[in-house]
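Scroll down for the structure; my scribbles are underneath it.
The values are calculated or read from the model by the stated rules, or taken from the named source; none is laboratory data. What you are looking at is a predicted structure, and each value in this text was computed from that prediction instead of being measured. Here the Cβ positions follow ideal geometry from the backbone for every residue, glycine too, while neighbour counts run over all protein chains shown.
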Amino acid sequence: MCLIAGITVFMGYQARQDKIAYSYAQLLPENDTAWIDYQKFQQKFGPDGTVMIAGMQADSLFSNLQMFNDWYTLDRSIKHTAGIKEVMSVASLYKVVKNDSLSEFIVDTFLHRKPTTLKEIDSVKKAAYSLPFFENFIFNKHTGSTLMLITFKENEINTVRRIAIVDSVKAQMEAFGAKYHVAMHYSGMPYIRTIISRKIMNEMTMFLILAIIVMSLILLFIFRSFYLVVFPLLVVIVGVTWAAALINLFGYQITVLTGLIPPLIMVIGVPNCILLLNKYHTEYRIHGNKIEALHTMVSKIGISLFLANVTTAIGFAVFCSTHSAVLA
């Protein structure tokens, strides 16, 4: 018992080191032609899914000097946030200027500082509206909608730092929206993956707690004994702790599927405890000998449960033959 308790403490520490998978899952096999083409695309153009999009619908953006200046400040503030590579909005649009003396084209921004008059903003608006490239990409002149495209640095996109960066960007956006009573909207892979990562952890915790509550109620309803609720749950929780620790020890991360392992073990383990306890009490009522009841329980039910669980394990092991990184 002391050895098991010591191992469980170690496993509990390892379970606390579990990491969430911040990168998206590989759905295709390594030798799939689509996956090979995708890898070549990334090698040539860099990783995709690095842009977070924030948008709003504000017709007064170009007619309110203070609002436009705050949008300009927000643009620059987000750009200087650690982990952000580039920001593009109506306050930081680029134009191509012909340099006759050097016989070359120069890429320059529309604005180099905050505008001081509405006339300056109007000139930016006219210049931007005259370039079809930005229409329905950065702004929609018919609806008054405008976007801010926020590009994350490649080395930050699939790390835990992404959550803090997304939270920082969203907080700044929400402060702007609250000031001018504008609803802010968000999209883009960094934002979506951050939301999913949070849901994985929250739902894993929620499912585990719900599984414990449901199993406790079932045990209490069947056996009407506090001890017969606590000890089976204690045994199963030890198994859950070991399973969570093994995820970390073998170098895996918590994903949508691996997050189901703890509640799954809970659901599988408690019925096994019910069958074992039920057989033990049945035998004990017959002859009143605890040792003989335990022996009969292990010999009669133990083997059956072992084979049943082996069958369940084989069912999950079939996923290894799918050649899918997600299931295997």
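Being among the hydroxyl-bearing types (Ser, Thr, Tyr) and loosely packed, with under 13 Cβ neighbours inside 10 Å is the filter; apply it to segment 318-328 and report the residue that is modelled with the highest pLDDT.
Just the residues of segment 318-328 that are among the hydroxyl-bearing types (Ser, Thr, Tyr), to begin with: 321-322, 324.
Now narrow it down to the ones that are loosely packed, with under 13 Cβ neighbours inside 10 Å: 321-322.
Values: Ser321: 73, Thr322: 69.
Looking at the filtered set, the residue picked out is Ser321.
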Q: Look through segment 259-307, keep the residues that are exposed (fewer than 14 other Cβ atoms within 10 Å of the Cβ) and among the small types (Gly, Ala, Ser), and return whichever of them is farthest from Val235 (Cα to Cα).
A: Gly288
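Here's the yes/no breakdown for (1) within 21 Å of Asn69 (Cβ to Cβ); (2) surrounded by 13 or more Cβ atoms within 10 Å (Cβ to Cβ); (3) outside the structural domain of Phe62 (by TED's automatic domain parsing); (4) in contact (Cβ under 8 Å) with a residue 40 or more places away in the chain:
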| site | (1), (2), (3), (4) |
| --- | --- |
| Ser130 | no, no, no, no |
| Ile138 | yes, yes, no, yes |
| Lys141 | yes, yes, no, no |
| Lys153 | no, yes, no, yes |
| Arg162 | no, yes, no, yes |
| Ile165 | no, yes, no, yes |
| Gln172 | yes, yes, no, yes |
| Gly177 | yes, yes, no, yes |
| Met189 | no, yes, yes, yes |
Q) Which of the residues spanning segment 95-123 are closer than 23 Å to Ile150 by Cβ and either in contact (Cβ under 8 Å) with a residue 40 or more places away in the chain or in contact with an Asp or Glu (Cβ under 7 Å, 6 or more places away or on another chain) (or both)? A) Lys95, Lys114, Pro115, Ile121
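Table: residues versus (1) among the charged types (D, E, K, R); (2) within 16 Å of Met52 (Cβ to Cβ); (3) assigned by TED's automatic domain parsing to the domain that holds Asp59.
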residue: Glu156; (1), (2), (3): yes, yes, yes
residue: Arg193; (1), (2), (3): yes, yes, no
residue: Leu208; (1), (2), (3): no, no, no
residue: Phe231; (1), (2), (3): no, no, no
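Have a look at Leu264, Leu305, Leu249, Leu228 and point out the one that is closer than 27 Å to Gly12 by Cα, within 36 Å of the chain's Cα centre (by Cα) and touching a residue at least 40 places away in the same chain (Cβ under 8 Å).
Answer to the selection: Leu249.
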(Q) Given the options Thr159, Thr143, name the one that is under 29 Å from Ser63 (Cβ atoms), assigned to a loop (DSSP other than H, G, I, E, B) and either touching a Phe, Trp or Tyr at 6+ places or on another chain (Cβ under 6 Å) or polar (S, T, N, Q) (or both). (A) Thr143
Q.
The conditions are (1) in a helix (DSSP H, G or I); (2) surrounded by fewer than 18 Cβ atoms within 10 Å (Cβ to Cβ), and Tyr252 fails exactly one of them. Which is it?
A. (1)
Q: Just one of (1) closer than 30 Å to Met11 by Cβ; (2) crowded, with 17+ Cβ neighbours inside 10 Å; (3) not polar (S, T, N, Q) trips up Leu147, so point out which.
A: (1)
Q) Of the residues that sit in segment 211-227 and are surrounded by 13 or more Cβ atoms within 10 Å (Cβ to Cβ) and out of contact with any Leu (no Cβ under 9 Å at 6 or more places or on another chain), which one is nearest to Thr282 (Cα to Cα)? A) Ile218
